[in-house]
Amino acid sequence: MDVFTTSGAFSWSELMTTDPAAAAEFYGSLFGWRIESMDTPTGKYHLAKIGDTAIAGMMASQDAAAQMPPAWGCYVTVADVDAAIAKCSALGGTVLMPAMDVPTVGRMACIQDPQGAAINIICYEPKPA
């Protein structure tokens, strides 16, 4: 899988949030991820997959992190940033940074899920042959 051309793909990232089940439902609907949940010593861990490839995890904030707002720190590839923004809004999310073009890189935006976690989305420009 090429993470720069596969919609819904990113390397690895983990979301710490106050409501991981709701976040898993939101992101599964938004990006088409298949979600597998498992019990861990700290509670449910929600594994996001594209096909059989695990690409992220979501869990409840613990200890000191529970005082911080929910947060991601990564980019997710999409086929169309503007269409993803529209779907995000329809699913109850918010656009934090409108779509913008980054020369020689692609088009990106920052969105926020209904629980308040932010994530960046990007459609990369095709690589020259």
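The values are calculated or read from the model by the stated rules, or taken from the named source; none is laboratory data. Being a predicted model, the structure only gives us computed values, none of them experimental. Quick reminder, even Gly has a Cβ in these numbers, built from the backbone with ideal geometry, and neighbours come from all protein chains shown.
Below are the figures for this structure:
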read-out	value
Sole residue being buried (at least 20 other Cβ atoms within 10 Å of the Cβ) and part of a loop (DSSP other than H, G, I, E, B), chosen from A9, A56, A48	A9
Residue satisfying all of: in the stretch 84-129; surrounded by fewer than 17 Cβ atoms within 10 Å (Cβ to Cβ) and charged (D, E, K, R); farthest from D19 (Cα to Cα) among these	K127
So G43, is it in contact with a helix residue (DSSP H, G or I) (Cβ under 9 Å, 6 or more places away or on another chain) and at pLDDT below 90	yes
Test: G92 is in a loop (DSSP other than H, G, I, E, B), over 14 Å from N120 (Cα atoms) and modelled with pLDDT of 95 or more	yes
Of all residues making up the stretch 84-129, the number that are among the aliphatic types (A, V, I, L, M) and under 21 Å from M1 (Cβ atoms)	7
Inter-residue pairs, beta-carbon under 6 Å, first at positive phi and in the stretch 93-121, second surrounded by 13 or more Cβ atoms within 10 Å (Cβ to Cβ) and of a type in the set (A, V, I, L, M), 6+ apart	G106/I122
Out of G28, G116, sole residue that is assigned to a loop (DSSP other than H, G, I, E, B) and either within 15 Å of the chain's Cα centre (by Cα) or not basic (K, R) (or both)	G116
Residue match in the stretch 74-84 (condition: in contact (Cβ under 8 Å) with a residue 24 or more places away in the chain, in a helix (DSSP H, G or I) and polar (S, T, N, Q))	no
When residues of the stretch 12-25 are limited to those that are in a helix (DSSP H, G or I) and in contact (Cβ under 8 Å) with a residue 12 or more places away in the chain, the one farthest from Q67 (Cα to Cα)	A24
